[in-house]
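Single-structure report; data block below.
The values are calculated or read from the model by the stated rules, or taken from the named source; none is laboratory data. Since the model is a prediction, treat every value here as computed from it, not as a measurement. In this analysis, Cβ positions are derived from the backbone assuming ideal geometry, glycine residues included, and neighbour counts consider all displayed protein chains.
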Amino acid sequence: MKTGNRAPLSLHVEVERFPLKEPLRITGHTMLASDVLTVTLQQHNAAGRGEAAGVYYLEHGDVSHSARQIEAVRSRIETGIDRQALQHLLPAGRARNALDCALWDLEAKLTGQPVWQIAGLHLPGPLLTTFTISASTPEDMAARAHAYTQAKAIKLKLTGEREDCDRIRAVRAARPDVWLGVDGNQGFTRASLQALLPVLLEARVVLIEQPLPVGCDADLDGFDCPIYLAADESAQSICELPRLLDRFQVININLDKCGGLTEGLAMARMATELGFEIIVGNMLGTSLAMAPSCLLGQLSYVVDLDGPIFLGADRPLPVRYDGGFIACPKDLWGAPS
């Protein structure tokens, strides 16, 4: 809601579980379901919704903890709150993201203006998205890459294991035509990344995401890498962007991580001013979570918004994947009533 709009709100908080079709494996974690926090805010005869799944390395507790965070400030929210006040009421993360996105959606319903227009963006269109392949055997990963027949961009989850070399080669052999990126999910050291670099170059990999653990970014100082490096876990908020200069060329912005579209837009604009390119990501979530990310993705050259394809079931009005692109139905989120 716009600053100064403090009319009472009615708040509804729900925890939902969406089982995955099959386990998703990244460095140190195997995921079986997406537990999401869904917030609905009502004012007058309008309702706005927001969803957040959270990120495994940031949340202090499961999704029920985030629901309790909101319940602890329920009276402050229902008295009437705007997006700017919300930035100070809750820390970055799942709870604030769900509330922030619900406030944007509610404003669209109340004002008759779509969110993209309120945010000063262009009319959103389809976005090139990566399709993620979970870390597995090289043969299995190659088969999955081949099965993504519509994909124009693929991202591989790596683990820092010796088998990563064979994984990369197998996927590139299966799909010589695609944009190919890899995600280390903090599983590498500078030395192991250096050792893998010839294989990455041979396979024409164009992006390496978060190779080193958070806190080890200085190990990249002086690292001569001809492939773009993207900060994900190391770029959790806008205040961290300046220290990432000269170490990374790309910033991955995830609304669950930074705490909502309000912060995401601010991060994207500062990142661009500093000379970074941006990618918009979302680890897991339903189409309701993809919609605000797709709006932010209009500022990005590629997005990583394939979360719904891993779910056994999605929302009734799902995003569409066609020809390697993601597109959101205009009535899914952020549109006038």
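Values as computed for the structure displayed
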| read-out | value |
| --- | --- |
| Selected residue (criterion: nearest to residue 277 (Cα to Cα)) from residues of region 222-249 that are modelled with pLDDT of 95 or more and out of contact with any helix residue (DSSP H, G or I) (no Cβ under 9 Å at 6 or more places or on another chain) | 249 |
| Residue check for residue 99: within 25 Å of the chain's Cα centre (by Cα), farther than 22 Å from residue 298 by Cβ, not in a strand (DSSP E or B) and not assigned by TED's automatic domain parsing to the domain that holds residue 264 | yes |
| Only listed residue being among the small types (Gly, Ala, Ser), in contact (Cβ under 8 Å) with a residue 60 or more places away in the chain and outside any loop (DSSP other than H, G, I, E, B), chosen from 297, 285 | 297 |
| Residue selected from region 133-163 under the condition surrounded by fewer than 16 Cβ atoms within 10 Å (Cβ to Cβ) and of a type in the set (S, T, N, Q), by the criterion nearest to residue 187 (Cα to Cα) | 137 |
| Region 301-332, residues that are aliphatic (A, V, I, L, M), part of a loop (DSSP other than H, G, I, E, B) and in the same structural domain as residue 291 (by TED's automatic domain parsing) | 305, 313, 317, 319 |
| Which listed residue is of a type in the set (Asp, Glu), out of contact with any His (no Cβ under 6 Å at 6 or more places or on another chain) and surrounded by 24 or more Cβ atoms within 10 Å (Cβ to Cβ), from 322, 304 | 304 |
| Matching residues in region 151-192 - criterion: being under 25 Å from the mean Cα position of the chain (by Cα) and among the hydrophobic types (A, V, I, L, M, F, W, C) | 151, 153, 154, 156, 158, 168, 171, 178, 179, 180, 182, 188 |
| Wholly enclosed helices (runs of 4 or more DSSP H) of region 108-177 bearing at least 2 residues over 22 Å from residue 306 (Cβ atoms) and in the same structural domain as residue 290 (by TED's automatic domain parsing) | 164-174 |
| Given (1) within 24 Å of the chain's Cα centre (by Cα); (2) free of Cβ contacts under 8 Å to residues at least 24 places away in the same chain; (3) more than 30 Å from residue 69 (Cβ to Cβ), index of the condition residue 195 fails | (1) |
